[in-house]
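Enquirer: Have a look at this one.
The values are calculated or read from the model by the stated rules, or taken from the named source; none is laboratory data. Since the model is a prediction, treat every value here as computed from it, not as a measurement. Reconstructed Cβ throughout: ideal geometry from the backbone, glycine too, with neighbour counts over all protein chains shown. For accessibility, only protein heavy atoms count, side chains too; no ligands or nucleic acids. Shrake-Rupley method; radii C 1.70, N 1.55, O 1.52, S 1.80 Å.
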Amino acid sequence: MTRGVPFVKGHGTENDFVLLPDPDGTRHADLDADTVRRLTDRYTGVGGDGVIRVVRSRDLTAGQDIATEAEWFMDYRNADGSVAEMCGNGVRVIARYLWATGLATGQELAIGTRGGVRMVRQHPDGSVTAEIGRPQQVKAAVPVQVAVGGGAWPAEAVFVPNPHAVVFVEALDDAGRLLEPPTVMPESVFPDGANVEFVVGRGAGHIELRVWERGVGETRSCGTGVCAAAWAAMRHDGASPGTSYTVDVPGGRLVVTERPDGMLLLTGPAVLGLAGHIALPM
């Protein structure tokens, strides 16, 4: 037996998601890893880097404490079914969906995530800015290192709020084909795994990167990874708060700004596309 489930496909710089509308909190309370993997499969499902359940904070255990601050919650899963703290591109996409469907109005919107409440703002040019978080740098007793494809590099360990290992390389091809996950050492720094960003400088206030996302693989973009990389580049360059960096990813271009209070803001596109129904087991 199957049931027809409505979905919407969206992306931010080609980091793509399957959105599952659940405004009354009854459709996907039992969302499991098998269902997420089926939805995100690019051959037998809709295809995507992750799944976003669009649900009210009051209807989700993880969101009930923040329901007075944020009506809506981004219940996010990676493509392998694992739960993530938040998604920088995804939070802009869910906000776009809420505005497009009339479930939210105004220029600003609070979205609940497992990493906390994030404010999102839409601009006249169609771009969307989201608060991503204040970076928390990890100082390990042993220097953090990333190895992949026969190469190894020192890395910056930072949570934004997802875990990231940022590596500065001479060329993006240094990371090889990224068909297997990079090894991050020591393991104790990221006990739950980490996203890895390979970064090159492209001039003043401008970087480019590739990213390996835990639970997904190499993706066209990663919002929290872009912020982690930009923050690390700002520290390397001695930039002061209030600085903006342009970040190019395979899927497009984003801008990261560090506010004086340390909050990182991510600005870029948020696009809705395909919509329909998919049959899922009852």
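Enquirer: Just to confirm a number: summing +1 for Lys and Arg and -1 for Asp and Glu over residues other than Arg114 whose beta-carbon lies under 10 angstrom from that of Arg114, what do you get?
Expert: Local net charge: -2.
Enquirer: Express the relative contact order of region 1-160 as a whole percentage, based on alpha carbon pairs under 8 Å and six or more residues apart in sequence. Show your work: numbers first, answer last.
Expert: On the way: 288 pairs, mean separation 25.3, N = 160.
Normalised by residue count, the contact order of region 1-160 is 16 percent.
Enquirer: If we count every other residue with Cβ under 10 angstrom of Ala67's Cβ, Lys/Arg +1 and Asp/Glu -1, where does the sum land?
Expert: -2
Enquirer: Just to confirm, what accessible area per residue do you get for the chain at 1.4 Å probe, in whole Å²? Each step should come with its number before you reach the end.
Expert: Values: 12040 Å² over 282 residues.
Normalised by residue count, the accessible surface of the chain is 43 Å².
Enquirer: When the helix-only estimate is applied to the chain (DSSP H runs of n ≥ 4, each -39,500 (n - 2.57), divided by the residue count), what is the mean residue ellipticity at 222 nm, nearest 500 deg cm²/dmol?
Expert: Rounded to the nearest 500, the figure is -4000 deg cm²/dmol.
Enquirer: Also, quick follow-up: First select every other residue whose beta carbon is under 14 angstrom from the beta carbon of Ser221; then total the charges, Lys and Arg +1, Asp and Glu -1.
Expert: Combined, the nearby Lys, Arg, Asp and Glu give -4.
Enquirer: Using only the Cα atoms of region 39-173, what are the Rg and Dmax in Å?
Expert: Answer for region 39-173, Rg first and Dmax second: 17.5, 51 Å.
Enquirer: Continuing with this model, one more query. Between region 161-178 and region 18-79, what is the separation of their alpha carbon centroids in Å?
Expert: 29 Å
Enquirer: Sticking with this one: Could you give each residue of region 135-144 its phi-based ³J(HN,Hα) in whole Hz, using Karplus coefficients 6.51, -1.76, 1.60 with θ = phi - 60°, and x for Gly or Pro?
Expert: Listing the rounded values in order: x, 10, 7, 9, 9, 8, 5, 10, x, 6 Hz.
Enquirer: Could I ask something else about it? Wrap a convex hull around the Cα atoms of region 1-109, take a quarter of its surface area, and give that in square nanometres.
Expert: With the hull built on Cα positions only, its mean projection is 7.1 nm².
Enquirer: Next up: Based on the mean of other Cβ atoms within 10 Å per residue, sort peptides 234-244, 36-46 so the most packed one is first. Each step should come with its number before you reach the end.
Expert: Numbers: 234-244: 13.3, 36-46: 16.9.
Going by the mean number of other Cβ atoms within 10 Å, highest first, we get 36-46, 234-244.
Enquirer: Return the carbon/sulfur percentage of the accessible area of the chain, one whole number, probe 1.4 Å, all protein chains in place.
Expert: Here carbon and sulfur together make up 49 percent of the probe-accessible area.
Enquirer: Assigning unit charges at the beta carbon (Lys, Arg +1; Asp, Glu -1) and nothing else, what dipole magnitude in debye, to the nearest 20, does the chain show about its Cα centre?
Expert: About 420 debye.
Enquirer: Sequence gap at least 6, Cα distance under 8 Å: using those rules, report the relative contact order of the chain to the nearest whole percent.
Expert: Relative contact order, the chain: 22 percent.
Enquirer: Run the dipole for region 149-218 about the Cα centre, Lys and Arg Cβ at +1, Asp and Glu Cβ at -1, nothing else charged, and hand back the magnitude in debye, nearest 20.
Expert: 80 debye
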